[in-house]
Each structure stands twice: as C-alpha cells, then as structure tokens.
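Derivation of every value follows stated rules applied to the coordinates shown; laboratory data play no part. For clarity, every value in this text was computed on a predicted model and none was experimentally measured. In this analysis, Cβ positions are derived from the backbone assuming ideal geometry, glycine residues included, and neighbour counts consider all displayed protein chains.
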Ligand code: HAS
Ligand code: CU
C-alpha cells in the first residue's frame, strides 16, 4: 500500500505552523528576559515588582534553550519528513498529540517559574529545589518529544517498506538520527527527574544523591546541544546547496557525519563536570578524548561546506583562488542568514575546543566565558540558521511568497543580530577571562578591584543585549508578515539533489543495528564504572534548598 503522497498538504502545514507559533512567542518572552538580565548586570537597573534576577534567568534559559529550540526542531523535522517520506493522517494525529503534550508541560513549568516557585535555572541543579509541578512539566515536554520521535521512526520505516532496496532520502535519514540521539539521551534526564527530583521535591524522600543527578543531567545535556545543531546541519548539507544553485557535495559524507554524531555525542558529558569532585580523573580523561572525537564530524561539515561553495562557484565559471566566494547569493536572506551562522561557528567551535581542553577548562569554567560560548553556538550559529529556514518555511506553510520587502528586512535582521552578538558574546568572553562569574546577578563584591575590571564589559553586554532585542522585534515582525501579509503564491521548498557521477552511498551507512549497537556499547563503556562509583561512594545525599 502506498502512503499518502509526499509533500505538504494543508493539514500538515497547520500542524507545523503551530510549532512555529510557539517558537516565535517564546522568542519574544525569552528575549525580553535576556534584555532585562543584561540591564541588571550594569548595576544601574533594578527589576520592578520584586521580580528576582534568578527568576528571569530561569525563564530565559528554559524558554529559549529548551522550549523554542524543541518546538522549532520538531516542527521543522515534521516538515522535512512530510516532504521527503510523507505523513499519513494517523501520523499527523500523533504529531498533534506530541504538540499538545509538550505545550501542556511547557505551560505548567512556565507558570511555576513565573510564580517564583522554580528559580532553578535551565540546568535545575540540585540541591536547588523547584515546585514539583515544574518537574512534572518537564516530564511532559520530554514525553511529547518522544511521541514525535516515534512518529518520525514510523514515517521512515513505512517508506522503507514501500521502497525496498532504496536509500532513504538524506533529510529523512538525518531526522531519524537526530531523534534517535534525542531518545537515547533523554532517558538520562527522565531517569533523574522521575526517580530523584520528583520524590524529593514532593518530600517523599529527605535527600538525594547530587552527583548522580548532575551526571545524569549531563549525559543528556551535551547531546542536547547537538540536538540543536543537527537541524542546522540538515539545512547546511541538504538545503543550502539548492539555494545557491548547486548540488550536495557528498551524500555519503553527510550520512557519515550524522552517524558520528550519534555515536560520539553521548559518552562525553563529563566535559561539563571537569571541575566536579567525586568523578575519577581517568574517566574524565577518557570522556575528554571522546569529546575530541565528536569534533571530527563538525570538521567534516566545515570541509563539506567549503567544497560545496567552491564547486558550485567553479561550475558557474568563477575562477581564481577566491572567485567562488563572489558567486554566492549574498542578497538572498535564505542563504545569508545561515551562512553568517557558519562564519560564527568558526570562533564558536574554537571556543568549544578550549572548553573541552582540561587545563583550559579550569580557567573558564563557571565564568561568563561559557555563556559567551553558547551565545555564539546556539544563539548565533543555530538560531541564524533557524531564522534562515523560516524565511522559506513559513511562506511554504502559509501559501505565500518571500517578497523583496521581507528579504531586505531579513538581511537587516541578520546584520542587527550579528552586531548585537558581537558586543554581547564578545564582552562575555572577555569578562570571563578576567574571572567574571556566570549565573550571577550584579554585585561589586564589596568594591573589589577585580570586579571593577568587569564593569566595562557588563555595559558591553547591555549594549549588545539591547541591539539583539531590536533584532527580535524585527524577526517577530517578519514572522507576522510572512504569516498574514506577504503576497499569496507558491514558494519553493528547497531540497538539493545528490551529486551525479559519484560512487553510490555504501549500504552499511544505513545499518541501524550496527550504529545503535556501537552507540550503546560506547555509552556503557564511558559511563558504567563511573555510575557504579558515584552510587557507591557519594557523600550522604543533600536535603532540598529552597528560596
Ligand atoms: Fe559547547 C558548554 C565544548 C559545541 C552549547 N556548550 C556549553 C554550554 C552550552 C553549549 C549551552 O568541553 C553550557 C552548558 C551549561 O549551561 O553549563 N561545545 C564544546 C565543543 C563543541 C561545542 C568541543 N556547544 C557546542 C554547540 C552548542 C554548544 C554546537 C550549541 C548549539 N561546551 C563545551 C564544553 C563546555 C561547553 C567543554 C563546558 C564548559 C564548562 O566548563 O562549563 C564542538 O562541537 C565544536 C566543534 C565545532 C567546530 C567548528 C566547525 C566549523 C564549521 C563552520 C564552517 C564555516 C564555513 C563558512 C564553511 C570545530 C562547521 C566559512 C566561510 C568563510 C568565507 C569564512
Ligand atoms: Cu558539551
């Protein structure tokens, strides 16, 4: 039996647009909180109505880091799957179930944070205690995302059955890898929330093993950052080549990079815990080595992107060492925004390598350098790519066209974003090197000379934060315009073709059992002994701390 035709119909578009609405509403709320934080840290602004700094910091991290990203990614991935392998009406119903379960969870957690009952930041480190509803809310978000995982797995499975012997479409393959990684890593955070946090916050148990909870969190926390990155890579590998008038550089290389992410993303969580006492240094060392292994697929991606740009340029007749750079469609926001994201990823990735280097981590850990790092990776590279995707995806979903106006506004938005982030993330990096702490409200530390060195950079952050907020307002206008105002018409869903005349993609790349098997073995290798050690030898658990 043939599944429903591939491509997006009106019902698919409605589902995906719902995810987009949550994304852009989150952008406004989370962005406003970010602006307020940077203002507080100048020392010249006090939050009104008794609102706490850590309360808005929690809203900021949860709404932007967890809600915006997850909703955009799941919506975008549904679009890719519907387009490449199709979506049946039953799968769409499950898609709606996933949306509602996630939305209920998000709303419950958000209410608790806004009431000041869950000022525990997005990492919800114990022994900070939130209201139990906060943890139940998070559980719902995870369960909702699992429903999406299984819908995506089912979509590809069905397509494969109907197309025996064929390679799965590249984008569908990538979505399934990302969701597999997500499913495996969220098992860790689900375990700590269900087994440790919920009974503890309900008062059913008096104390909990702090180190265990943090380790389970980072088992999830690192792959989380690749769950954000991989959809951007999907666009870079398989969509951007189409926008610039070229072809995919190598289908096999793209699949290999994604497989490497699946295998190496999870057994590396200790690079967030290098300064955590109680973990054997040998195992930290092993996970640092594995962290360096997970850099390789990003290097493959960088290589692949340069190759795509160069080959396309040369085919168009541009010669000289850098002639190919000129052919790029600099005035097309669908290209310009993600491309600037790539450029930002060069220093952002270098910063990540610094963080992962054990000795240098001692210098930067818990300083605002780390905040600077993830505002370059997530809030620039990934978000600019997501914005770039929105410029064609939203019109595709709403049956409208990108016109000149939206293109110009989009280009302006990208530049505003880059300037804002240059000031904000740049100041964060520099202040961090001078020892300024992260996760901290303003303090002059009793007039300390060292704290006085940071203040200029704190103003730099506020200037950057204000520019970024203007960027958010422009982006929201763009979203409304593309949803309600842009001229009606049919916009292209750009998917690049595979290169011709190259070796066929090896079949082993789709051997799911093999890759999942290796992933599980590596996780077991990197985590079993440390977990046993942590469970047996941790100090007595901690009672909750509430404020
Ligand atoms: Fe990270 C902390 C290490 C990547 C996000 N990271 C964080 C936190 C977040 C985060 C949110 O080892 C804070 C968590 C918290 O709250 O405590 N990170 C790395 C490493 C990488 C890395 C090794 N991080 C990311 C990405 C993120 C992200 C991606 C989000 C999306 N990170 C760390 C470590 C810490 C950390 C430690 C803990 C620090 C601490 O002490 O707390 C790597 O994946 C980076 C590899 C990337 C590259 C760059 C490749 C370049 C490409 C672009 C090519 C450009 C082209 C265009 C083609 C090697 C692909 C050019 C054209 C021209 C014309 C120029
Ligand atoms: Cu990490």
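Some values worked out for this structure:
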read-out: Mean-position separation - Cα centroids, the range 117-188 and the range 429-449, in angstrom; value: 36
read-out: Degrees between helix 89-114 axis and first principal axis of the chain (Cα, 0 to 90, nearest 10); value: 30
read-out: Neighbour-count ranking [beta-carbon atoms within 10 angstrom, fewest first] of 495, 346; value: 346, 495
read-out: Relative contact order (%) - criterion: Cα under 8 Å, at least six apart; region: the chain; value: 19
read-out: Centre separation in Å (Cα based) which lies between the range 304-325 and the range 450-492; value: 32
read-out: Rg over Rh [alpha-carbon atoms, Kirkwood Rh] for the chain; value: 0.95
read-out: Cα-based helix-to-principal-axis angle, 281-315 vs the chain, degrees rounded to 10; value: 30
read-out: Order of 213, 542, 11 under a 10 Å beta carbon neighbour criterion, fewest first; value: 11, 542, 213
read-out: Computed FRET value (nearest 0.05) for residue 485 with residue 207, which takes r as the C-beta separation and R₀ as 56 Å; value: 0.50
read-out: Stretch gain in nm, segment residue 455-residue 104, where the contour uses 0.36 nm per residue and the Cα spacing is subtracted; value: 122.3 nm
read-out: Calculated FRET efficiency for the pair residue 514/residue 191, C-beta based, R₀ 25 Å, to 0.05; value: 0.45
read-out: Two-site label geometry, residue 123 and residue 500: point separation in nm, points 7 Å out along Cα→Cβ; value: 5.2
read-out: Inter-centroid distance (Cα atoms) of the range 203-236 relative to the range 17-61, Å; value: 22
read-out: Residue exposure sequence - 135, 53, 285, 226 - by fewest surrounding Cβ within 10 Å; value: 285, 53, 226, 135
read-out: Angle between the chain longest axis and helix 10-40 axis [Cα atoms, degrees, rounded to 10]; value: 40
read-out: R0 of 51 Å, Cβ-Cβ distance residue 49-residue 94: FRET efficiency to nearest 0.05; value: 0.80
read-out: Gain in span if fully extended, residue 325 to residue 307, counting 0.36 nm per residue against the direct Cα distance; value: 5.4 nm
